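The values are calculated or read from the model by the stated rules, or taken from the named source; none is laboratory data. Note that this is a predicted model, so its numbers are computed, not measured. Every residue, glycine among them, receives a Cβ derived from its backbone with ideal geometry; neighbour counts consider all protein chains shown.
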Amino acid sequence: MEEIIHSRIFLLSLTVVVYYGALQLYNRWKFPLLNPLLVSIAAVIGILVLLGIDFEEYYEANEIINFMLGLSVVAIAYLLEQNIAKIKTNIRTISVSVFAGSLMAVVSTWFIAHLMGADRVVIASIAPKSVTTAIALSISEHSGGLMAITSFAVIFTGILGSVVGPWLLRIAGVRDSVARGLAMGTAAHAMGTAKAMEMGALEGAVGGAAIGLVGVVTAVLIPIIEKIM
């Protein structure tokens, strides 16, 4: 039994089965806090602790899924190509919104963390929280942050944005597809864009464009804001 539990097939199947179950749960109840990713993370952590399985072992067994995540970017590229005309038409709006959103995300995080007494390492770790993981880790490392804290901050931000974002947009009365896609992609990177894709193809395309732009803008802004703050 011990050999089966620690096998790569079991650990890979665990990820697939847990996520499928969480997805079915969300599709049935449509409750925001039942976000499939959030439920899957909590369930997998609980199972790993219960079975005494190290994260490194679990991570290595799921290498194929990590590899497929990189290929999933193609889906965003396809949406961008299909909606390129509308994106070009709104390029000024997209550029200004991404810059404003990136600036607000970094400044507000830095200011609030400083008021709460966080040291420079923690602030540097969470400042790029609204950027997709790969870019955020690079920015954090260059700024002297801790990558473990950055990873948590990015995942937490993505989940929070994908759960709360659509609700906030409805409350604010935002109906424009470009605005909705920009808000989700800028504030909650890939997870927000995945949620934007559920809203519509244009929302997903704009969210995908926002991911890359936010990464570039944030990478430029953080060193400048560090010196100013």
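Answer yes or no as to whether residue 190 is surrounded by 24 or more Cβ atoms within 10 Å (Cβ to Cβ) and either part of a helix (DSSP H, G or I) or not aromatic (Phe, Trp, Tyr) (or both). No: the conditions fail for residue 190.
Each residue in the range 157-177 was checked for being surrounded by 14 or more Cβ atoms within 10 Å (Cβ to Cβ) and under 15 Å from residue 38 (Cβ atoms), and 10 of them qualify. Among all residues of the range 110-118, there is none that is more than 23 Å from residue 229 (Cα to Cα) and either at pLDDT 90 or above or polar (S, T, N, Q) (or both).
Taking the range 199-221 as the range and being in a helix (DSSP H, G or I) and not aliphatic (A, V, I, L, M) as the test, the residues that pass are 203, 204, 207, 208, 212, 215, 218.
Can you say whether residue 218 is surrounded by 21 or more Cβ atoms within 10 Å (Cβ to Cβ), in contact with a Ser or Thr (Cβ under 7 Å, 6 or more places away or on another chain), of a type in the set (S, T, N, Q) and free of Cβ contacts under 8 Å to residues at least 40 places away in the same chain, as far as the supplied structure shows? So residue 218 does not fit the description; no.
Table: residues versus (1) more than 17 Å from the chain's Cα centre (by Cα); (2) closer than 30 Å to residue 9 by Cα.
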| residue | (1), (2) |
| --- | --- |
| 60 | yes, yes |
| 79 | yes, no |
| 86 | yes, no |
| 101 | no, no |
| 116 | yes, no |
| 122 | yes, no |
| 134 | no, yes |
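Step by step: first the residues of the range 65-77, then only those that are β-branched (Val, Ile, Thr) and without any contact (Cβ under 8 Å) to a residue 12 or more places away in the chain, then the one that is farthest from residue 15 (Cα to Cα). Which residue is that? Restricting to residues being β-branched (Val, Ile, Thr) and without any contact (Cβ under 8 Å) to a residue 12 or more places away in the chain, the top hit is 74. State the number of residues belonging to the range 130-168 that are part of a helix (DSSP H, G or I) and either in contact with a Gly (Cβ under 7 Å, 6 or more places away or on another chain) or of a type in the set (Asp, Glu) (or both). Residues flagged as part of a helix (DSSP H, G or I) and either in contact with a Gly (Cβ under 7 Å, 6 or more places away or on another chain) or of a type in the set (Asp, Glu) (or both) within the range 130-168 amount to 6.
The residue list 85, 124 contains one member that is of a type in the set (Gly, Ala, Ser), surrounded by fewer than 17 Cβ atoms within 10 Å (Cβ to Cβ) and in a helix (DSSP H, G or I), which is 85.
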